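First the structure, in the form of structure tokens, and then the observations on it.
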Amino acid sequence: MEPETTLPPRHLLAWASLGLAAFFSYPLVQVVRAGQRGEMPALAAAGIAALIALLFVIGPLWAAQHLLRLRIAVSREHLTTYLGGRLHHRLALAELTEVRPVVDGSVGALTPEAWNPAVWLIGPDQHGRRRALKITLQRVTTMAPLLEALRPVVAARPDLVRDEPARKLLAEYLSDPR
């Protein structure tokens with residue numbers, strides 16, 4: 001098997017999730033205390049506390065641990081994601097059914113312009129199930145190894161990129177791999 005290059009992770013989203021959980025821990029404690037002191041009905045306090053805990057503490061904590069454990073590696077043959085050191089998904093580049101370059105602003109106005117490039121890779125995974133994996137500069141510091149691995153694949157199979165605007169965008173990404 002070809003040696004893999006790990007795409008260096010960008011942990012800012014994980015740290016932001018941890019910050020969100022820490023920020024909402026204070027109101028969670030305040031609601032619980034208000035319920036214990038009788039300042040609000042116990043059932044209402046329990047419901048509000050459960051909602052805050054699930055949405056704003058446990059959810060972000062889960063997201064942060066997932067982001068911190070995820071590793072993305074690429075070789076000339078595969079794109080592989082590892083979760084906690086174990087194989088999570090593997091896409092064979094030769095078996096891709098679509099390559100979709102996009103300009104991603106999924107964090108909205110908070111997304112710095114330099115983080116907007118992203119590439120969706122669509123194809124069967126190691127179990128034969130259709131997978132779509134998105135590699136974005138919001139999660140890795142560089143996509144250059146991925147783009148270099150995709151260059152010969154897309155050159156040999158130009159039908160992987162479905163339309164002309166996507167071809168132009170991919171050509172832009174390939175000419176200036178970040």
For the stretch 132-151, give me the residue count where each residue is free of Cβ contacts under 8 Å to residues at least 24 places away in the same chain and in a helix (DSSP H, G or I). 1
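To keep it simple, each residue is scored yes or no on (1) aromatic (Phe, Trp, Tyr); (2) under 22 Å from Leu169 (Cα atoms); (3) at pLDDT 95 or above.
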site: His66; (1), (2), (3): no, no, no
site: Ile72; (1), (2), (3): no, no, yes
site: Thr80; (1), (2), (3): no, no, yes
site: Gly85; (1), (2), (3): no, no, no
site: Leu93; (1), (2), (3): no, yes, yes
site: Gly105; (1), (2), (3): no, yes, no
site: Gly108; (1), (2), (3): no, yes, no
Quick one: Ala118 ticks every box in (1) touching a residue at least 24 places away in the same chain (Cβ under 8 Å); (2) open to solvent by less than 50 Å² (accessible area, probe 1.4 Å); (3) closer than 22 Å to Glu172 by Cα except a single one, so which number is it? (1)
Anything in the stretch 153-178 that is within 23 Å of Thr6 (Cβ to Cβ), in contact (Cβ under 8 Å) with a residue 40 or more places away in the chain and in a helix (DSSP H, G or I)? List them, or say none. Val153, Val154, Leu170, Tyr173
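The values are calculated or read from the model by the stated rules, or taken from the named source; none is laboratory data. Being a predicted model, the structure only gives us computed values, none of them experimental. Ideal geometry is used to build each Cβ from the backbone, glycine not excepted, and the neighbour counts take in all protein chains shown. What goes into the accessible areas is simple: the full protein's heavy atoms, side chains included, and nothing from ligands, DNA or RNA. Shrake-Rupley method; radii C 1.70, N 1.55, O 1.52, S 1.80 Å.
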